[in-house]
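Everything on this sheet refers to the single structure shown next.
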Amino acid sequence: MDDKERTDAQKNVELTFEYRDEYKRKPIAETVLTGCKNEVPMFPLMVTGDWGTGKSEFAEKLCNLTNESSEQVAAVYVDAYKSDYQDDPLISLSAAILEVLPEDQKEEVKKKLIPVLKALGKTGLKGLVSYVMKKDADIVAEEFEKDLKKTADTFIDSILTEKAKANSYLEALREALEQATVDKKILICIDELDRCKPTFAVNMIEMVKHVFDANNVCFVLIVNRVQLEAALKSHYGNYVDTKRYLDKFVRFSITLPAFTSSVRHNEQKTVTLEHFEKLIGESGVLRPFFELRGGRCFFKDILAAFITRNNLSFREAETLVRYLTIYHSISENGYAFHQKSGLINAFKGVAIFLVAFNPEIANDVIRTRSAIPFLNWLEFDHSITYENNRYDGLKLVGMFLHLESFSWEERENMSQRNEELKKWVEHFERVTQSASQYYNDIELLHVVLDAIDIISLKSMD
């Protein structure tokens, strides 16, 4: 969970879409629930997203929505990472299923589970399950190396016997599960698989498919797919085709949307940006500096542009808010954020962003005492037109730092030579003069340099 989720847990607040759904994900959850009710062939379903994009919160809300609104489905949330120490996903999955079964059905399913647990525990997942589930021959050979030293006939006979027993146990378990879930299906959300040890993650996925593949039992795997595929390669080797491997176990896959509106809408806002704005609105320290006072908030616009350009995750947005709060709290002698100068605050925000997410660029800016390293990283184009770009946060930052590198006389000459630059120069002078009502001898580069020093905990004496 992210920091906000932990805070909710501490307050005993149950995460629901009614409590908050600023990322507009309730329709996704409702569709998943409908698919479970109507036996749509979409399970096991994989829900993917980067770390820090609210996957865990979505999973918990999906389970709560199911249990609150549906009499046809019971849902249970499984944190795979918390079970990772057991090295046996069969135990945690069995416990989760038993947890939501009707009381009058638990005993029968438990009776069928015990032989499976015993059978799979004899030689471990890499042994019996590897053979029964037809996994890689190399793994089978490794687990049965000692048995291979026996006579071939004895070995083959023992393997076939064990396979027949295991298959009968598994079939009996599936039949018991299907019988127990005729009136009420089960939806199991398995979260944090990508954080588990590779062997545990792989075994969990294979258990879902091969042991609990029963009608009326629907699995939703919540993962960072990139990390999960890395775990698969770690387990099987770089030669494995991870997409094909996962396709054997997952019927349908979706990625949590990065925007709060449908693609058919002209204006979209990333869910991270929405999260950032919500955090600012909840912050008693920062909120006053982002409130609009008769015009655009440069502070908000520029930070929003950085968040979007760098595709920050939820957790990274929280990190940015934390850095902004720390900066304001430790600043003295007029260096803190100012309610009447969004422009100055914005350039302080530039410095804080660099220290938090691009410290090497921040170091280069300090070392060279110039904006060039930052402008190069920004891929700034000084020829941008004024009319269409003056409210683009990143281009505004770049152009202001670019213009500041020229003297007043040079700016005047530029204005005379180029009508487009004239508009930019006039805009720059107008905005910075407004800002200088509260700051004497304003130089935006110095604002950036000073803020980098402060957030780096250097003295500003």
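The values are calculated or read from the model by the stated rules, or taken from the named source; none is laboratory data. No experiment lies behind these values; they were computed from the predicted model shown. Using ideal geometry, Cβ is built from the backbone for each residue, glycine included, and neighbour counts are taken over all protein chains shown.
What to note about this one:
- Within the stretch 189-216, residues that are touching a residue at least 12 places away in the same chain (Cβ under 8 Å) and on the phi > 0 side of the Ramachandran plot sit with their Cβ atoms under 7 Å from residues that are buried (at least 23 other Cβ atoms within 10 Å of the Cβ) and not hydrophobic (A, V, I, L, M, F, W, C), at 6+ positions apart or across chains, in these pairs: N216/T181.
- Total residues in the stretch 310-324, condition surrounded by fewer than 16 Cβ atoms within 10 Å (Cβ to Cβ) and either modelled with pLDDT of 90 or more or in contact with a Pro (Cβ under 9 Å, 6 or more places away or on another chain) (or both): 1
- Residues satisfying the stated conditions in the stretch 219-251, i.e. under 19 Å from S92 (Cβ atoms) and either among the aliphatic types (A, V, I, L, M) or without any contact (Cβ under 8 Å) to a residue 24 or more places away in the chain (or both): V220, L221, I222, V223, L228, A231
- Considering residues of the stretch 302-340 that are outside any helix (DSSP H, G or I) and among the charged types (D, E, K, R) only, the residue nearest to I455 (Cα to Cα): E332
- Residue in the stretch 379-394 that is at pLDDT 70 or above, more than 24 Å from L457 (Cα to Cα) and buried (at least 20 other Cβ atoms within 10 Å of the Cβ) present: yes
- Hits in the stretch 17-38 - residues which are exposed (fewer than 15 other Cβ atoms within 10 Å of the Cβ), part of a loop (DSSP other than H, G, I, E, B) and of a type in the set (S, T, Y): Y19
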